[in-house]
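Below: one structure, written as structure tokens.
Where a number appears in this text, it was derived from the coordinates with a stated rule and is not lab data. None of these values were measured; they are calculated from a predicted model. No Cβ is skipped: glycine too gets one built from the backbone with ideal geometry, and neighbour counts run over all protein chains shown.
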Amino acid sequence: MKIFRDKIELDYRPKLYLSDALMGRDLTRIKRNIARGKGSCSVILISDNDNDQFDIVTPFQLKLPVWEGKKPVVAGIADGKEDAEALVMKIISDCLKSRGDLKLKEYICSL
């Protein structure tokens, strides 16, 4: 049994939230590194668990067997854990302004 996957398949939302530190950087390269399980960024995924809104993981964690057979949906990429938490707060704020509710998954999928 293989412990780590070689290639990670991800589905990126068309409007991707990025932390300020990643603005202006080569997004294609960042995505390629994430797909290889490399990089120090934090990836904000739409949780497939009904009780959670998002999962914040590192690219390396996406190589673990728990993600086997899944194609996680990326809502945002942050420079690190603290930036990821701030980015989730921005998503919450944008959702409240736009919809007036906290249906975050519906908001992200409507962008």
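Could you quote the convex hull projected area for segment 17-73, Cα atoms only and averaged over all directions, in nm²? Write down the numbers at each step before the final one.
Details: hull surface 16.9 nm².
Over every viewing direction, the Cα hull of segment 17-73 projects on average to 4.2 nm².
With the contact rule set at Cα under 8 Å and sequence spacing of 6 or more, what percent relative contact order holds for the chain? Numbers along the way, then the final one.
On the way: 170 pairs, mean separation 37.5, N = 111.
For the chain, the relative contact order is 34 percent.
Using only Cα atoms and rounding to the nearest 10 degrees, what angle (0 to 90) does helix 81-99 make with the longest principal axis of the chain? Between the helix axis and the principal axis of the chain, the angle is about 40 degrees. Placing unit charges on the Cβ atoms of the charged side chains and taking the dipole of the chain about its Cα centre, the candidate lying farthest along the positive direction among Y107, I8, P59 is I8. Normalised size of the chain, defined as Cα radius of gyration per 2.2 N^0.38 Å with N residues, equals 1.05. Remark: the K103-K71 segment gains 9.4 nm on full extension, using 0.36 nm per residue and subtracting the alpha carbon distance.
Okay, helix-only estimate at 222 nm for the chain: each DSSP H run of n ≥ 4 adds -39500 (n - 2.57), divide by all residues, round to 500 deg cm²/dmol; what do you get?
The per-residue figure over the chain is -9500 deg cm²/dmol.
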